[in-house]
Amino acid sequence: FLEQCLKTYRDKRMGFLEQCLKGLGIDQKWDAEKVSWDVMGKHSTQWIQCLYVAVKLVAKELAIITAVFPASRTESLFTSIVAPTILLLLKCGRSMLRNALKDTEKLFVLLEIECHLSWVLPELLTMLKGPSCAPLVEAISSLRSVL
C-alpha cells in the first residue's frame, strides 16, 4: 500500500510542479539561445521569477513529504519529485548564460542572474542533502561554473 501511495503522490506532484513552471512560461521548448536581445531581457526576468517560485515550491514539497511519509523514503521521494523541475530551470538558465556570453553588451544579464542565484542557491542547497540529490547539486555547480 505504501508503494502505491508513494508512486501516486510522486506522479501527481511532479505533474503539479511541471504545470507551475509551464504557467510561469518555462517548458521543455524554452530556448534562450534562439531569441533576440529584446526577448532575452524578458526571458531573464521571467527565469529569475521562476527561480524564486521554484525554490519556495521545493521547500514546501520537502515540508509536506517530511510530514507525511516515513523518514526512510523522504529523500528519494523528494528528489524524484523535484529533480525534473530543478533540472529544467537549470537548463533554461544555462541556455540564457550561453546566449549572454556571446555578446559583451549582454553582460548585465550575467550579473543579474549571478546576483539572484547567490540569493536563492544557499536555501536550495540546504534542501538538497543526501546521495540521491548529488546529481542536482552537480548540475547547480555546473551552472555556476558558466558564470
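The values are calculated or read from the model by the stated rules, or taken from the named source; none is laboratory data. Computed from a prediction, not measured in an experiment: that's the story for all the values here. As a convention, Cβ positions derive from the backbone with ideal geometry for all residues, glycine included, and neighbour counts pool all protein chains shown. Calculation scope for accessible area: heavy atoms of the full protein, side chains included, ligands and nucleic acids excluded. Shrake-Rupley method; radii C 1.70, N 1.55, O 1.52, S 1.80 Å.
Here are the numbers for this structure:
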{"read-out": "Label-point gap, in nm, between ASP27 and VAL137 - each point 7 angstrom along Cα→Cβ", "value": "3.4 nm"}
{"read-out": "Highest to lowest packing among 97-103, 10-16, scored as the average C-beta count within 10 Å", "value": "97-103, 10-16"}
{"read-out": "Cα-based radius of gyration of the chain once divided by 2.2 N^0.38 Å, which approximates compact folds", "value": "1.10"}
{"read-out": "Expected 222 nm ellipticity per residue - DSSP helices of 4 or more, -39500 (n - 2.57), all of the chain, to 500", "value": "-28500 deg cm²/dmol"}
{"read-out": "Assigned charges on the beta-carbon of Lys, Arg, Asp, Glu; the chain dipole about Cα centre (debye)", "value": "280 debye"}
{"read-out": "Helix 71-101 axis, angle to the chain major axis (alpha carbon atoms, nearest 10°)", "value": "10 degrees"}
{"read-out": "Helix axis angle, 107-127 relative to the chain longest principal axis, alpha carbon, degrees", "value": "10 degrees"}
{"read-out": "Å² per residue, accessible surface of the chain at 1.4 Å", "value": "54 Å²"}
{"read-out": "Degrees between helix 37-68 axis and first principal axis of the chain (Cα, 0 to 90, nearest 10)", "value": "10 degrees"}
{"read-out": "Length gained when the stretch LEU125-ARG10 is fully extended (0.36 nm per residue, less Cα-Cα span)", "value": "39.3 nm"}
{"read-out": "Between the stretch 1-27 and the stretch 49-111, the Cα center-to-center distance that results, in Å", "value": "14 Å"}
{"read-out": "Dipole of the chain [Lys/Arg +1, Asp/Glu -1 at C-beta], most positive-end residue of GLY41, LEU51, LEU143", "value": "LEU51"}
{"read-out": "Listed pairs LYS56/LYS106; LYS12/LYS129; LYS7/LYS129; LYS60/LYS106 exceeding 32 Å between Cα atoms", "value": "LYS60/LYS106"}
{"read-out": "Cα-based Rg and Dmax for the stretch 69-147, where Dmax is the largest Cα-Cα distance (Å)", "value": "14.5, 51"}
{"read-out": "Most to least packed among 42-54, 61-73 [average Cβ atoms within 10 Å]", "value": "42-54, 61-73"}
